[in-house]
Amino acid sequence: MSTIHQLIATHCTYGTSALERRKGEDADQVLGYSVRASSLEGGALTGGYRKIERLLYYCLPRDAPAEAKRQLTAASAPKRLIYVPAIDDLEVLAQVCYRPTDTAGRTGSYFAHCLARQKSDAHDPWSVLDCLKLWAAPGWIEEDTAALTSRLDGLSGLEPMLVGRRPAIDERVVWSFLTAAAGGAFDDPCGVIPPRWRQKSPDERRGLLAALLGGCLDTNASPSNSLLVVAEPSLAALLFFGIIRLFPPLAGSKELSFSTFETDVDRRRFVLTATCFQSPGSTDLPPQVYKSSRTLAVVNTYLNTRSKTPASRGAAAQALVNTLVREGWDAVDRANRPSATKTQMKTVDPYYEWLGIPPKDQPPNHYRLLGLELFEENRNVIDAAANRQMSFIKEYQAGTDSELSQKLLNELSAARLCLLSAPAKAAYDTQLRAQLKNWCETTSAFEPSPSGRGQSEGRQAPAPVVPIPPSIRWRKEPDPPVPSLSPPRWTCSANPVGNLNHAPSTYGA
């Protein structure tokens, strides 16, 4: 495992710069931004600093008043925790803090503590989750002091930055954020969750995380498609951790980068970016930012303004958050676990396994699909049944069966629209009744009961076999043979009437 080098950059004099190290009369002269301390030396230090110095900058929020420049400190001003998987041949994780004055006494400077490692095929990149776990880690150096020497030690890994303590951000803190009651006790040892969000309901917090995840799913987060969140840097770090932990494919990107605080949001340098304002209750991003394009998802956690996310993406994200809340992280991991090959994937019959509609009753008519009594007339009952079925199926959208769930949602939506429209329902019912009548006549004529009496007096014959259209077929199999006595296929507004499910009766899904 290659060494992780440490480098501290800030405003220096010639005497405090690790690149100069002058003594005597020149030591107190102002040099400018340079390397204050490092585990590298000589040409390696010079070359390394030149590669990463473009990442090292700091500006207070746009609306910060002039007096804030002297009042704010490294502890009270927003912190930039940044991660870039590749800048030239280096992988870089850094914390950049505000410095009230530079070595010349001027207001407004920065102090950056950087970790850098040479990229190599011999080791995997750092885990983005492990990088976010270093939010407010005790190993970060935040201020220049006389005790700081120019020589630092290299690290064997990221974990020593925690100095044996629990991370400020982990799965338990995310769980607490999503489940703790308003004003209740939170598992938040370092105070990552801001007071304003401790007073909000769990549903509001879950909705926030789902909105961010939905935005990432919509933009397919990448260097050219990104997420921007307006939030306290600590909350941004927690939310970034949450969405990546909920949806591991995001972390699988070799180009995923993040910053917990950027002032210039017009220049998108990171895939996941956060910003904040001095007066967030009265300051917002320009309106055009929310409408820029589908390549940027935006969420303001103060004003609850956000760019639009397609309903399907939002539902998938919410379903994944709901899975976490109900069943825990193991269930999330199972939902996200890809099958090794398509041949190893379990064959799923959503009609049967999710809605209890057996193969002999497939494809179902609209009433069977929604779990309604045949020819139900009450619009409220129809609407409630459709909402119930769709809410249940949405829980499968974030897992491995997302494509199947979307097809079934489309069918449920079509059935709902048809049965809630009086003209469409009337036409549909007429055709369904005709199909039922035709089926009863056919089966009674050719399949008499054992007693010799007609169908109405004897046992019911099995439902006829109807081919499942390729567009909604779940199994990878050919159409079943269609008996010559099967009834014709009926349609209403391009929606299949579906299987007859035997004679008219009360059905349950």
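The values are calculated or read from the model by the stated rules, or taken from the named source; none is laboratory data. In this text the structure is predicted, and so the values were computed from the model without any measurement. Don't worry about glycine lacking a Cβ; one is built from the backbone with ideal geometry, like all the others, and counts go over all protein chains shown. Heads up: the accessible areas ignore ligands, DNA and RNA and are worked out on the full protein's heavy atoms, side chains in. Shrake-Rupley method; radii C 1.70, N 1.55, O 1.52, S 1.80 Å.
Quick check on the stretch 253-262. Is at least one of its residues part of a loop (DSSP other than H, G, I, E, B) and among the aromatic types (Phe, Trp, Tyr)?
Step one: of the stretch 253-262, the residues part of a loop (DSSP other than H, G, I, E, B) are 253-257, 260-262.
Add one more test, that the residue is among the aromatic types (Phe, Trp, Tyr), and what stays is 261.
Yes, the stretch 253-262 contains at least one residue that is part of a loop (DSSP other than H, G, I, E, B) and among the aromatic types (Phe, Trp, Tyr).
Kindly provide the set of residues from the stretch 81-96 that are surrounded by fewer than 18 Cβ atoms within 10 Å (Cβ to Cβ) and among the aliphatic types (A, V, I, L, M), ordered by number.
Listed by number, the residues that qualify are ALA86, ILE87.
Of everything in the stretch 352-363, what is farther than 16 Å from LEU404 by Cα and touching a strand residue (DSSP E or B) at 6+ places or on another chain (Cβ under 9 Å)? Give them in sequence order.
Result: LYS360, ASP361.
Residues checked against (1) open to solvent by less than 70 Å² (accessible area, probe 1.4 Å); (2) out of contact with any Gly (no Cβ under 8 Å at 6 or more places or on another chain); (3) polar (S, T, N, Q):
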residue: THR10; (1), (2), (3): yes, yes, yes
residue: ALA18; (1), (2), (3): yes, yes, no
residue: ARG22; (1), (2), (3): no, no, no
residue: ASP26; (1), (2), (3): yes, no, no
residue: GLY32; (1), (2), (3): yes, yes, no
residue: ALA37; (1), (2), (3): yes, yes, no
residue: THR46; (1), (2), (3): yes, yes, yes
residue: ARG50; (1), (2), (3): no, yes, no
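Starting from residues that are assigned to a loop (DSSP other than H, G, I, E, B) and under 22 Å from the mean Cα position of the chain (by Cα), keep the ones in the stretch 263-284 and report whichever is surrounded by the fewest Cβ atoms within 10 Å (Cβ to Cβ).
Per the stated criteria, the residue is ARG269.
Looking at this structure, is LEU235 open to solvent by less than 10 Å² (accessible area, probe 1.4 Å), part of a strand (DSSP E or B) and out of contact with any His (no Cβ under 8 Å at 6 or more places or on another chain)?
No; evaluated as a whole, the condition is false for this residue.
Could you tell me how many of the residues in the stretch 346-363 are touching a residue at least 12 places away in the same chain (Cβ under 8 Å) and either within 34 Å of the chain's Cα centre (by Cα) or surrounded by fewer than 22 Cβ atoms within 10 Å (Cβ to Cβ) (or both)?
Looking only at that region, the number is 12.
Restricting to the stretch 388-406, count the residues that are among the small types (Gly, Ala, Ser) and either modelled with pLDDT of 85 or more or assigned to a helix (DSSP H, G or I) (or both).
So the count comes out to 3.
The conditions are (1) open to solvent by less than 10 Å² (accessible area, probe 1.4 Å); (2) in contact with a Phe, Trp or Tyr (Cβ under 8 Å, 6 or more places away or on another chain); (3) hydrophobic (A, V, I, L, M, F, W, C), and ILE243 fails exactly one of them. Which is it?
Of everything listed in (1) open to solvent by less than 10 Å² (accessible area, probe 1.4 Å); (2) in contact with a Phe, Trp or Tyr (Cβ under 8 Å, 6 or more places away or on another chain); (3) hydrophobic (A, V, I, L, M, F, W, C), ILE243 misses just condition (2).
Pairs under 8 Å by beta carbon, first residue polar (S, T, N, Q) in the stretch 166-186, partner in a helix (DSSP H, G or I), six or more apart or different chains?
THR179/PRO202; THR179/VAL325
Can you list residue pairs whose Cβ atoms sit under 7 Å apart, with the first residue in the stretch 276-295 being more than 19 Å from ALA231 (Cβ to Cβ) and the second being at pLDDT below 85 and open to solvent by less than 50 Å² (accessible area, probe 1.4 Å)? Count only pairs 6 or more apart in sequence or on different chains.
ARG294/ASP218; ARG294/THR219; THR295/THR219; THR295/ASN225
Exactly one condition in (1) out of contact with any Phe, Trp or Tyr (no Cβ under 6 Å at 6 or more places or on another chain); (2) over 22 Å from SER312 (Cα atoms) is false for GLU171; which is it?
(1)
Here are ARG99, ARG62: which of them is assigned to a strand (DSSP E or B) and either in contact with a Ser or Thr (Cβ under 6 Å, 6 or more places away or on another chain) or at pLDDT below 95 (or both)?
On inspection, the qualifying residue turns out to be ARG99.
Taking the stretch 1-34 on its own, how many of its residues are β-branched (Val, Ile, Thr) and not in a strand (DSSP E or B)?
The number of residues fulfilling the criteria is 2.
If you check ALA74, ALA27, ALA37, ALA68, which single one turns out to be over 41 Å from the mean Cα position of the chain (by Cα) and among the aliphatic types (A, V, I, L, M)?
ALA27
Can you tell which of PRO100, PRO65, PRO61, PRO78 is without any contact (Cβ under 8 Å) to a residue 40 or more places away in the chain and either closer than 27 Å to GLU159 by Cα or of a type outside the set (D, E, K, R) (or both)?
From the options PRO100, PRO65, PRO61, PRO78, the qualifying one is PRO100.
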